[in-house]
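Each remark here refers to the structure printed beneath this line.
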Amino acid sequence: SLLSCSSDDSSDSINSSLLIGKWDLKSVKEADGTPIPLTNCEELYNSEEFFSNNTSIGIWAEPGATGSNCGVQTFNETYTVTNNILSLKEAGSYEFRYVITELTSNKLTIKHIYSEESGAGSGYDIPTEDQVTHSFDKMN
């Protein structure tokens, strides 16, 4: 529990091994639950694939891109999961942190809580009212 003060509570409340595999982005929501519509490009391409060696591959269309010119980029990342916090890093580029709010064998829901991008100065905690939630379905 969040208020636990026992020192032997080292286990995460999620089973992070369930993260292994490829996840397809299904929906994005504002902090207040308002859906953010996905473009055809985002529906087609946006995914994260997690491997057991703590590397991951993010495939993301250019935000807002539509039609046939999706501007798809591939990001070679490393990831960690600590106390339900997923940290995704691409060396020299960015670090994003998310709270894992749901992780089952076929569903992953993460809330964006921290952002650091090279050239943008230091990283920052995202204010609660701006924390966007991403929901994924397992592909394999």
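The values are calculated or read from the model by the stated rules, or taken from the named source; none is laboratory data. Nothing here was measured: the structure is a model prediction, and the numbers come from that model. All Cβ positions, glycine included, derive from the backbone under ideal geometry; neighbour counts span all protein chains shown. What goes into the accessible areas is simple: the full protein's heavy atoms, side chains included, and nothing from ligands, DNA or RNA. Shrake-Rupley method; radii C 1.70, N 1.55, O 1.52, S 1.80 Å.
Quick notes on this one:
- Residue check, Thr74 out of contact with any Gly (no Cβ under 9 Å at 6 or more places or on another chain) and in a strand (DSSP E or B): no
- Count - residues of segment 86-107 that are open to solvent by 40 Å² or more (accessible area, probe 1.4 Å) and in contact with a helix residue (DSSP H, G or I) (Cβ under 7 Å, 6 or more places away or on another chain): 2
- Scanning segment 32-45 for residues that are open to solvent by less than 50 Å² (accessible area, probe 1.4 Å) and either among the hydroxyl-bearing types (Ser, Thr, Tyr) or assigned to a loop (DSSP other than H, G, I, E, B) (or both), we see that the one that is farthest from Gly67 (Cα to Cα) is Gly33.
- Residues in segment 80-124 that are touching a residue at least 40 places away in the same chain (Cβ under 8 Å) and either more than 26 Å from Asp32 (Cα to Cα) or in a strand (DSSP E or B) (or both): Val81, Thr82, Leu86, Leu88, Ile100, Leu103, Ser105, Leu108.
- Within segment 62-85, the set of residues being open to solvent by 40 Å² or more (accessible area, probe 1.4 Å), in contact with a Cys (Cβ under 7 Å, 6 or more places away or on another chain) and not charged (D, E, K, R) comprises just one member, Thr66.
- Number of the exception - Glu129 against (1) surrounded by 15 or more Cβ atoms within 10 Å (Cβ to Cβ); (2) touching a residue at least 24 places away in the same chain (Cβ under 8 Å): (1)
- Residues that are assigned to a strand (DSSP E or B), modelled with pLDDT under 95 and loosely packed, with under 14 Cβ neighbours inside 10 Å do not occur anywhere in segment 49-61.
- When segment 63-87 is filtered for residues that are hydroxyl-bearing (Ser, Thr, Tyr), modelled with pLDDT of 90 or more and out of contact with any strand residue (DSSP E or B) (no Cβ under 8 Å at 6 or more places or on another chain), only Thr82 remains.
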